[in-house]
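The values are calculated or read from the model by the stated rules, or taken from the named source; none is laboratory data. All figures in this text were calculated on a predicted structure; none of them were measured in a lab. Ideal geometry is used to build each Cβ from the backbone, glycine not excepted, and the neighbour counts take in all protein chains shown. Keep in mind that these areas ignore ligands, DNA and RNA; they rest on the heavy atoms of the full protein, side chains included. Shrake-Rupley method; radii C 1.70, N 1.55, O 1.52, S 1.80 Å.
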Amino acid sequence: MDLIRGIALILAAGSAVAAVLSLGGAVSNRLDILTHLAPIWLAMSLLAVLLLGLAGFSGGRAALVLAGVTVVIAAALMVPELVARVAARRFAPAGQTVKIVQFNVWDHNRDPAATAGWILAQNADIVVLEETGRGDVVAKLSDHFAYQSQCDKTCGTTILAKSQPTDGGQLIWAKLGRRHAGAWATFGAGARAFTIVGTHYRWPEPLARQKDQALRFADVISRFDRRSLIVVGDFNLTPWSFRLRRQDARFGLNRLSHAIFTFPAGRSGHWWTSLPFPLLPIDQVYAGADWRPVSIARGQAMGSDHYPIVAVLTR
């Protein structure tokens, strides 16, 4: 029993330290990395409580207190997002309606044929894909989506559409004339015109410069009509991170994807084993004030390390 209590204390102490430090994400981008992992710290603390229960809770007061600290912090970070998902309104289609598939198909996709088949079965108007550098999935979709808007191969973001866009291509940061990791396409004209933007952020590692990328992206999309703009992508940011909260404010758009856990799906190059369920909601859907969500849902796991998101919006 002493061994079990010892393990419980280690788990509780480790999760509490990580949870407390994650609050520093409000002022430190490096500490904000810990905030993304709030579900893991919560799971560690609950496991500590479970182990203490097996040991009869005797002599485990310190571990219980530390586990409680973690639960309180994790709840403060995560519960608002979970409440937003439950409280999110859905609207009946009225007027202009668009169905979008957002999907990081992964450069190492294990089953391009099944991935392409699932995408086709969605009968979407627009498909936004990330990590399309190898081109396996896009090649299988090209006969069904006549129009493409994409950035260079090192970026790997591709927008596929049934209708011909009036404009689009690689995102450009106007201040320095530099390319940005993403693609855009404008559809329709007049009152029915709208622009969709797809992007893929780096991982939030200390040296990956994700902060600069995020700030640049907010500046890049400022050129488009904010009311009719749709922005989707793999942002590699969880909604309880301070960085995504700041991004939500900078964008001036409505984030419609609340607590949709999309990563990892199956075995990933970033995880040492397959997990039975995804831990991180890092794929997001934003839309301007013109749009209302009809449905925002997660698709099934296929050959990617991400789950897709299927969004139906009405205007």
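Numbers below:
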quantity	calculated
Test for SER268: is it open to solvent by 50 Å² or more (accessible area, probe 1.4 Å) and at pLDDT below 95	no
Scope the range 94-120; condition open to solvent by less than 10 Å² (accessible area, probe 1.4 Å) and part of a loop (DSSP other than H, G, I, E, B); matching residues	VAL105
Flag for ARG223 being under 19 Å from HIS180 (Cα atoms) and charged (D, E, K, R)	yes
Output for the range 76-127, where each listed residue is touching a helix residue (DSSP H, G or I) at 6+ places or on another chain (Cβ under 9 Å), in contact (Cβ under 8 Å) with a residue 24 or more places away in the chain and over 28 Å from ALA161 (Cα atoms)	LEU77, MET78
Evaluation of GLY156 against (1) modelled with pLDDT of 95 or more; (2) assigned to a loop (DSSP other than H, G, I, E, B) (one fails), failing number	(1)
Verdict on ALA63 being closer than 27 Å to PRO278 by Cβ and buried (at least 18 other Cβ atoms within 10 Å of the Cβ)	no
Looking only at the range 240-259, and only at residues there that are open to solvent by 10 Å² or more (accessible area, probe 1.4 Å) and in contact (Cβ under 8 Å) with a residue 60 or more places away in the chain, the one that is farthest from the chain's Cα centre (by Cα)	PHE242
Top-ranked residue in the range 280-297 [being touching a strand residue (DSSP E or B) at 6+ places or on another chain (Cβ under 6 Å) and of a type in the set (D, E, K, R); ranked as surrounded by the fewest Cβ atoms within 10 Å (Cβ to Cβ)]	ARG292
Answer from LEU37, LEU31, LEU50 - the residue that is open to solvent by 80 Å² or more (accessible area, probe 1.4 Å) and either under 30 Å from ILE296 (Cβ atoms) or aliphatic (A, V, I, L, M) (or both)	LEU50
Within the range 121-175, tally of residues that are among the aliphatic types (A, V, I, L, M), out of contact with any Lys or Arg (no Cβ under 8 Å at 6 or more places or on another chain) and surrounded by 14 or more Cβ atoms within 10 Å (Cβ to Cβ)	9
Residue in the range 58-73 that is under 19 Å from the mean Cα position of the chain (by Cα) and polar (S, T, N, Q) present	no
All positions within the range 1-21 that are modelled with pLDDT of 95 or more and either of a type in the set (D, E, K, R) or under 15 Å from LEU279 (Cβ atoms) (or both)	SER15, ALA18
Conditions (1) under 23 Å from ALA114 (Cβ atoms); (2) crowded, with 22+ Cβ neighbours inside 10 Å; number of the one not met by LEU237	(1)
